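Before any comments, here is the structure.
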Amino acid sequence: MPVAGPSKVVFVGPKIDEESRKRRAYRYMYETAADRSRVLDNRIDEFGEWVKEHYNIEELGDPSANTEEEVVVVGRVTHDSETSSGSVKLNEASVTLESSRQMGSGGRVPLRFDPSVKVRQGVKGVGGIGLFPGAIVALRGKNGGGGWFLVTEVLSLPPMESSPNNGMKMEDSEPFSMHVACGPFTPDADLKFKPWHRLVSKIKADRPAVVLLARPFIDVTHPAVKSGEVDTDLADMFRETFISNMQDFLSSSPDSIVLIVPSVRDVISDHAVFPQCELGPEYAADPRIHLLPNPCRFSLNGISFAVSSVDVIFHLRKEEFFKRAGEVDSISSLVAGGAGVQANDAMTTTCRHLLQQRNFYPIFPAPLDLAHEVNLDITHLKDIELGGGENDDVGYAPDVLVVSSRLKHFSKVVDSTVAINPSFLTKGTFAVLTCWSSPGPVHNRVKAEVQKLD
């Protein structure tokens, strides 16, 4: 039997010491209104400092204060429920701006957009700005005393810096392959996991250096689980279906590794909120199987990855209101070959929200009809920052962003990041990556392709 040898890749992930594990496995449902308010305020204030530095602004204004001169304000987009009925999504008549207590006493002010409103330093060709509840925005305009803030210009948020490893080349490193699959891994009709077993055969045949698995393995919302029609212990089912199959794969490919990211809908996880800690150590049957939190940042041979199992892309598409606007000092975005990206591509724009907001889940509050899919814990918002983490990639944009969504699969270059949605394995798709640890932009170092199951 083959024995484990040196891995083809150098994996650097979240810290696994007892203190770090305990911090991620926090007690939830103990939030207070004061704690939530403080965390939300700090997020606005933090973006305010970035905006001041990026645009060389001495002082930010208060959107609720009457002024004759235009000022720049930073706040959170909110939905004025009093001007709409039922579950109407955000629109131009219901959009308000919430300031922090430091900048404007935490009040909410209705927004009105000037007919000639512009977007400054946005991506060329987008033609406007996407707004959704929870988005942090920087606006130029004034409150003339009419009870609203008139927006004449939207200032694009400062972009995240590219990974510092973009110009690095690891010694003696060769290209490595990676398979990425996202659950559900079995259809609602049964718990036979046929799509998963087909993928296992593919993995064993291809022998990639890295296998990344995310999103519910045994879904608590599966009809058979909800109705109690399962005779097998669900923890044993997970071990036999997933862990044992991956151990068999590692036996035939001893220098590979497996990465597992759970979901808040995983019945085998006792941590049902987001951010979510990794699965328990009882599932760590092999040192080459790495159990990761949700969301997580890690690197493989110096290439940084960001992964979340929450379907934030679908949530954003559902909640977003797009305001058309002119462009001022717009910037270009590049894709492979140096050509300009299709700026108004819906999935590219949606993924750009995550990078601009620097957050795995920038929506607040979560949509009422979808809140059960995320169970957001606001007091631990720091742990879902896209620029967060515990390694050298703190504060930098990821090279690769993996978002698992029910929407159609895609692979896009978004600014300095390759964004991938393998979609659900039950839809018959998964992603195959080939990565080179060489200098240059990420689209020259990562080739991503979404493939169909045989």
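The values are calculated or read from the model by the stated rules, or taken from the named source; none is laboratory data. On a predicted model such as this, the values are computed, not experimentally measured, just so you know. A quick note on method: Cβ atoms are made from the backbone with ideal geometry, for glycine too, and the neighbour counts reach across all protein chains shown. Side chains included, ligands, DNA and RNA excluded: accessible areas come from the protein's heavy atoms. Shrake-Rupley method; radii C 1.70, N 1.55, O 1.52, S 1.80 Å.
Within 10 Å, at most 16 other Cβ atoms, and a DSSP state outside H, G, I, E, B define an exposed site. Report the longest part of the chain free of exposed GluC sites (Glu not before Pro).
230-389
Return the sequence-ordered ³J(HN,Hα) values of segment 208-219 in whole Hz as given by the Karplus equation 6.51 cos²θ - 1.76 cosθ + 1.60 applied to θ = phi - 60°, using x for Gly and Pro.
My calculation for segment 208-219 gives x, 6, 9, 10, 10, 10, 9, 6, x, 7, 10, 7 Hz in order.
Which whole-Hz couplings ³J(HN,Hα) result when phi for each residue of segment 404-421 is put into the Karplus expression 6.51 cos²θ - 1.76 cosθ + 1.60, θ = phi - 60°, listed in order with x for Gly and Pro?
9, 9, 6, 5, 4, 4, 7, 9, 10, 9, 10, 6, 9, 10, 8, 9, 10, 10
Measuring with a 1.4 Å probe in the full set of protein chains, what accessible area per residue, in whole Å², belongs to the chain? Can you show the working numbers first?
Values: 19600 Å² over 454 residues.
Result: 43 Å² of accessible area for each residue.
Using modelled backbone amide H atoms (1.01 Å from N, in-plane), which distant-in-sequence or interchain residues come within less than 5 Å of Y28's amide H?
none
I need the phi-derived Karplus couplings for segment 376-382: 6.51 cos²θ - 1.76 cosθ + 1.60, θ = phi - 60°, integer Hz, Gly and Pro marked x.
Those phi angles translate into 5, 9, 5, 5, 10, 4, 4 Hz.
Summarise the accessible area of the chain (1.4 Å probe, protein heavy atoms) by the percent that is carbon and sulfur.
50
Between segment 292-336 and segment 94-147, what is the C-alpha centre distance in whole Å?
About 21 Å separates the Cα centre of segment 292-336 from the one of segment 94-147.
Using modelled amide H (1.01 Å from N, peptide plane; none on Pro or chain starts), what sits under 5 Å from the amide H of L259, excluding residues fewer than 5 places away?
Residues meeting the amide H criterion: V211, L212, L213, H290.
Past 31 Å, Cα to Cα, is the threshold; run K118/K318; K15/K323; K8/K194 against it and keep the listed order.
Beyond 31 Å: K15/K323.
Given (i) 195; (ii) 205; (iii) 151, which label gives volume of the Cα convex hull per residue in Å³ as computed from the coordinates?
The value computed from this structure is option (iii).
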